[in-house]
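K.L.:
Just dropping this structure here.
The values are calculated or read from the model by the stated rules, or taken from the named source; none is laboratory data. In this text the structure is predicted, and so the values were computed from the model without any measurement. Every residue, glycine among them, receives a Cβ derived from its backbone with ideal geometry; neighbour counts consider all protein chains shown. For accessibility, only protein heavy atoms count, side chains too; no ligands or nucleic acids. Shrake-Rupley method; radii C 1.70, N 1.55, O 1.52, S 1.80 Å.
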Amino acid sequence: MNALIAVLPGDGIGPEVVAEGVRVLEAVAERHGHDFTLKSADFGGVAIDAVGDPLPRSTLDLCLLSDAILLGAIGGPQWGGSDPLRRPEAGLLRLRRDLGVYANLRPVSVHPALRSASPLRPELLEGVDLVFVRELTGGIYFGTKTRDATSASDLCSYTVAEVERVTRVAARLARARRGKLTSIDKSNVLETSRLWRETVTRLMAAEFPDVKVEHALVDSAAMHLIRRPADYDVIVTENMFGDILTDEASMLAGSLGVSPSASLGDGTRGLYEPIHGSAPDIAGRGIANPIGTILSVALLLRHSLGLETEAAEIESAVYRAVEAGLRTADIASASVNAGAWVSTREAGDAVLAQLG
Ligand code: IPM
Ligand code: MG
């Protein structure tokens, strides 16, 4: 198969983890005879430094032409200036919006060998296998902002159509998994949440009567996610709740470093990135965990290119590498070898070795 894949390494540890993701992608392409064209572009802080814009027109155009986009991470203290539009994060929000990727899939499962890397008791983690579907292009992230000397405001708004389309993505996923959808809101306080809950209820009854739906308030869901994480299958929620809860949920897996994500819209084009940030504190040292990026490559193959076999090969190679002892510094506490760990490159090598 032919495909054009945009590669946006970004800032901090982004280029280090993306390099390993690209090696795995190229190995899989070679093995299966695919012809992937990879094109890199500046995005985030590096693009601000190069041309004064976190999302240069040429980068956006490349992404719009591509079948899929692989992104590392963006941001860093040197780009925290007073103009919010010149922050790397503003470029990421524009990219998500301009690509129309309104559904952000963040799967969380816990490798048995990594249970001890999690701050939670191992017995709580048995059977954890859930997917967040976070609404990604609406809500408070994109509402009108105001600011004067003594006050500020961020508008949170949602339309029925925005809630319906992301709920459909989540419900289809639930149908293909264990048939359970949890919708998280704050409908005891927020009007947007009341619209959200009513819309989810109506749509599920009309289109997905076979999928079991439960509604939960975000504060109590944050607690239950820690108390009984194995009970969840697919979780759908609005943009900011999803941002917060997915960082929380990543700790089930022991580290922010192992969680991938896929951002999808109506077509097959998607944006794939690990959920961790640019980690400026460890950037340049070659010690970041590339697993979140490598698993994002698997999601890219599955969701944008329809290559399920190749995706599953990568996932099981990662699984076996972890089983065989692969530990980067962030998950080293779960090492039989008491704290021994490997570099980003060696972690990539370990996955490639399992790919065969
Ligand atoms: C994420 C990140 C982003 C978000 C930031 C970098 C804008 O935290 O992808 O979860 O808030 O969406
Ligand atoms: Mg976040």
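K.L.:
State whether one or more residues within segment 193-203 are buried (at least 20 other Cβ atoms within 10 Å of the Cβ) and within 16 Å of ligand 1 (Cβ to nearest atom).
P.N.:
The answer is no; no qualifying residue exists.
K.L.:
In the list A279, A288, A340, which residue meets the criterion of being within 16 Å of ligand 1 (Cβ to nearest atom), in a loop (DSSP other than H, G, I, E, B), over 12 Å from the mean Cα position of the chain (by Cα) and over 19 Å from A27 (Cα atoms)? Steps first, please.
P.N.:
On the way: A288 fails: within 16 Å of ligand 1 (Cβ to nearest atom); A340 fails: within 16 Å of ligand 1 (Cβ to nearest atom).
The unique qualifying residue is A279.
K.L.:
If you don't mind, another one. Within segment 113-120, does at least one residue satisfy the condition of being open to solvent by 40 Å² or more (accessible area, probe 1.4 Å), within 22 Å of the chain's Cα centre (by Cα) and farther than 26 Å from D42 by Cα?
P.N.:
If we filter segment 113-120 for residues that are open to solvent by 40 Å² or more (accessible area, probe 1.4 Å), which is where we start, we get 115-116, 119.
Those still in the list that are within 22 Å of the chain's Cα centre (by Cα) too: 115, 119.
Cutting the leftovers down to farther than 26 Å from D42 by Cα gives us 115, 119.
Yes, that holds for at least one residue.
K.L.:
Go through segment 182-198 and report how many residues are under 25 Å from the mean Cα position of the chain (by Cα) and either modelled with pLDDT under 95 or among the hydroxyl-bearing types (S, T, Y) (or both). I'd like the intermediate steps shown before the answer.
P.N.:
Taking segment 182-198 as the starting set, the residues that turn out to be under 25 Å from the mean Cα position of the chain (by Cα) are 182-186, 192-193, 196-197.
Filter again for either modelled with pLDDT under 95 or among the hydroxyl-bearing types (S, T, Y) (or both), leaving 182-183, 192-193.
Within segment 182-198, residues that are under 25 Å from the mean Cα position of the chain (by Cα) and either modelled with pLDDT under 95 or among the hydroxyl-bearing types (S, T, Y) (or both) number 4.
K.L.:
Take segment 236-252 and flag every residue that is open to solvent by less than 10 Å² (accessible area, probe 1.4 Å) and either within 15 Å of ligand 2 (Cβ to nearest atom) or among the acidic types (D, E) (or both). Steps first, please.
P.N.:
Pass one, segment 236-252, residues open to solvent by less than 10 Å² (accessible area, probe 1.4 Å): 236-237, 239, 242, 245-246, 249-250, 252.
Scanning segment 236-252 gives T237, N239, G242, L245, T246, A249, S250.
K.L.:
Could we say that G267 is surrounded by fewer than 21 Cβ atoms within 10 Å (Cβ to Cβ) and within 16 Å of ligand 2 (Cβ to nearest atom) here?
P.N.:
Values: surrounded by fewer than 21 Cβ atoms within 10 Å (Cβ to Cβ): yes; within 16 Å of ligand 2 (Cβ to nearest atom): no.
Criteria not met by G267.
K.L.:
Taking only pairs six or more apart or across chains, which ones have beta-carbon atoms under 6 Å, a first residue in segment 187-211 that is touching a residue at least 24 places away in the same chain (Cβ under 8 Å) and under 27 Å from L155 (Cβ atoms), and a second residue that is assigned to a loop (DSSP other than H, G, I, E, B) and hydrophobic (A, V, I, L, M, F, W, C)?
P.N.:
Pairs that qualify, where the first residue is touching a residue at least 24 places away in the same chain (Cβ under 8 Å) and under 27 Å from L155 (Cβ atoms) and the partner is assigned to a loop (DSSP other than H, G, I, E, B) and hydrophobic (A, V, I, L, M, F, W, C), are T192/C156.
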